[in-house]
Amino acid sequence: MTFMAMAVKSIRVYREQIGMSQEELGACLGVTRQTIAAWENGDRAPSLDQLTKIARALSVPMDVLLGEEGEEAPSLLFRADNPESLGPELRVLLTRKAQDYATIERLTGELSALPPSHNLLGYDPVIAEAMGREIRDWLGVEQAPLGDALSLLETRGIKVILHPLPAVVSGLSAYTEDLGGVIFVNSEHPTERQYFTALHELGHLIFHRREYGRPQLGKDKEKEDLVNHFAGAVLMPQGVVEKELRNYRRQWIPEPLLQDLKLRYQISMRTILIRAYQINLITPAQKRQQYDALDHKYGRTSELPVLPPPRTLCRLERLVYLALLKEEITTSRAAEIMGKPLVEVRQALQEWLMEGAVS
């Protein structure tokens with residue numbers, strides 16, 4: 001099979017993985033839905049220029065889109081709550097992104113970091129709370145709101161990659177001794193869910209680091225309960241919950257207060273209710289009643305107010321610019337890694353330099 005034919009075969013796979021319709025892809029490329037359908041059915045083939053635009057629209061490196069059949073399985077070991085949703089093409093793509101990030105780290109001499117591993121297979125709420133406090137200290141935030149949790153993790157040297165994922169996948173993480181850990185977050189999900197997901201996956205990297213080399217057969221409830229509790233404890237520690245909600249012990253928590261806390265702590269109203277239940281401020285029945293009220297008002301997967309999106313992740317971009325200045329990579333390679341047009345990379349680099357990012 002020719003490279004062009006393999007690329008045509010891949011278009012549908014990568015398009016569907018990020019939930020993009022044929023009409024939406026056509027709009028990005030300036031072609032009709034019928035043209036996209038003809039490419040995907042193998043009736044026609046896109047030009048090389050069109051393939052370049054397709055790769056950019058789907059956030060797929062060109063050589064991955066043109067990948068040869070029968071290539072070896074990805075070297076990274078992924079952990080996900082929905083392993084059946086991670087098809088081979090998505091694994092190849094995410095592996096490539098993680099490897100590119102690790103390569104840039106090595107070229108610039110700025111390697112990634114992770115908190116120490118604390119292997120724990122069961123669910124212990126006391127340990128989850130204690131580790132939440134420890135990670136907040138590690139992040140340097142004490143009792144303050146985290147703000148943009150993704151950027152905060154990056155400032156500590158943790159690789160975080162925002163990427164469109166299947167709707168049923170909030171995020172996933174990967175780990176090897178050579179490349180370290182990396183957290184993938186679904187860029188299509190609400191902001192508060194992205195923050196929670198990143199900390200959820202950090203929990204797996206802390207508590208279950210030894211498990212990444214083993215097949216994942218689906219959700220392990222105790223492991224999920226542990227990392228969910230940990231993520232909530234990092235976002236809103238016990239002392240903060242007690243201080244903010246002390247007047248509502250065993251009472252209905254007013255929605256305006258939940259909304260205010262959501263805005264200040266960048267955490268969903270539902271997670272605030274869970275935290276109140278976890279530290280015994282409200283009963284399971286109260287939590288369920290308020291949950292049901294939110295579900296009835298907003299639906300099960302959304303709520304108001306809508307948080308602003310996280311700032312554009314900057315660590316990888318900064319390292320790419322440093323690699324460019326050191327002439328370790330070409331501008332075209334930088335554009336591929338960041339998924340941006342060449343002209344945009346050149347312009348962004350000049351703006352970065354003018355802002356005094358490099359003396």
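Below is a table of values for the structure above.
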{"read-out": "Convex hull volume per residue in cubic angstrom - Cα atoms of region 217-359", "value": "197 Å³"}
{"read-out": "Per residue solvent-accessible surface (Å²) - the chain, probe of 1.4 Å", "value": "48 Å²"}
{"read-out": "Computed over the chain: relative contact order in percent, which uses C-alpha pairs under 8 Å that are six or more apart", "value": "18 percent"}
{"read-out": "Longest to shortest principal axis, alpha-carbon extents of the chain, angstrom", "value": "65, 49, 42"}
{"read-out": "Partners for LYS53 among aspartates and glutamates (Cα-Cα distance below 18 Å; same-chain residues under 8 apart left out)", "value": "GLU16, GLU23, GLU24, GLU40, ASP63, GLU336, GLU344"}
{"read-out": "Charge dipole magnitude, Cβ of K and R +1, D and E -1 - the chain, Cα centre, debye nearest 20", "value": "840 debye"}
{"read-out": "Stokes-Einstein D (µm²/s) once Rh is taken as the Kirkwood radius of region 236-315 over alpha-carbon pairs, at 4 °C in 1.567 mPa s", "value": "98 µm²/s"}
{"read-out": "Reachable aspartates and glutamates, given that their alpha-carbon falls under 16 Å from the alpha-carbon of LYS326 and they are not under 8 places away in the same chain", "value": "GLU105, GLU110, GLU317"}
{"read-out": "Accessible area of region 233-359 belonging to carbon and sulfur atoms, whole % at 1.4 Å probe", "value": "52 percent"}
{"read-out": "Computed label-point distance, nm, for sites GLU255 and THR32 using a 7 Å Cα→Cβ extension", "value": "4.6 nm"}
{"read-out": "Too-long pairs where the Cα-Cα distance tops 23 Å, listed order kept, from LYS159/LYS287; LYS159/LYS340; LYS262/LYS340", "value": "LYS159/LYS287; LYS262/LYS340"}
{"read-out": "Candidates per trypsin sites (Lys or Arg not before Pro) in region 243-331, loop by DSSP, up to 13 other Cβ within 10 Å", "value": "ARG249, ARG250, ARG300, ARG311, LYS326"}
{"read-out": "Nearby aspartates and glutamates by direct alpha-carbon distance to LYS221 (threshold 16 angstrom, same-chain neighbours under 8 apart not counted)", "value": "ASP81, ASP124, GLU201, GLU211"}
{"read-out": "Area of HIS163 that stays accessible when all protein chains are in place (1.4 Å probe, Å², to 10)", "value": "0 Å²"}
{"read-out": "Positive-end residue of PRO254, THR95, GLY122, charge dipole of the chain with Cβ unit charges", "value": "PRO254"}
{"read-out": "Sparse-neighbourhood loop sites, GluC sites (Glu not before Pro) in region 75-171 - DSSP loop, at most 16 other Cβ within 10 angstrom", "value": "GLU110, GLU142"}
{"read-out": "Loop-resident sites, region 315-359, for GluC sites (Glu not before Pro), counting at most 10 other Cβ within 10 Å (DSSP)", "value": "GLU327, GLU355"}
{"read-out": "Cβ charges +1 (Lys, Arg) and -1 (Asp, Glu), total dipole of region 266-335, debye", "value": "160 debye"}
{"read-out": "Per-residue SASA entry for SER47, accessible area with 1.4 Å probe, Å² rounded to 10", "value": "50 Å²"}
{"read-out": "LYS159 long-range amide H proximity, modeled H, under 5 Å", "value": "ALA113, ILE183"}
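The values are calculated or read from the model by the stated rules, or taken from the named source; none is laboratory data. Keep in mind that this is a model prediction, so the values were computed, not measured. Backbone-built Cβ (ideal geometry, glycine too); neighbour counts: all protein chains shown. SASA here: full protein model, heavy atoms, side chains in, ligands and nucleic acids out. Shrake-Rupley method; radii C 1.70, N 1.55, O 1.52, S 1.80 Å.
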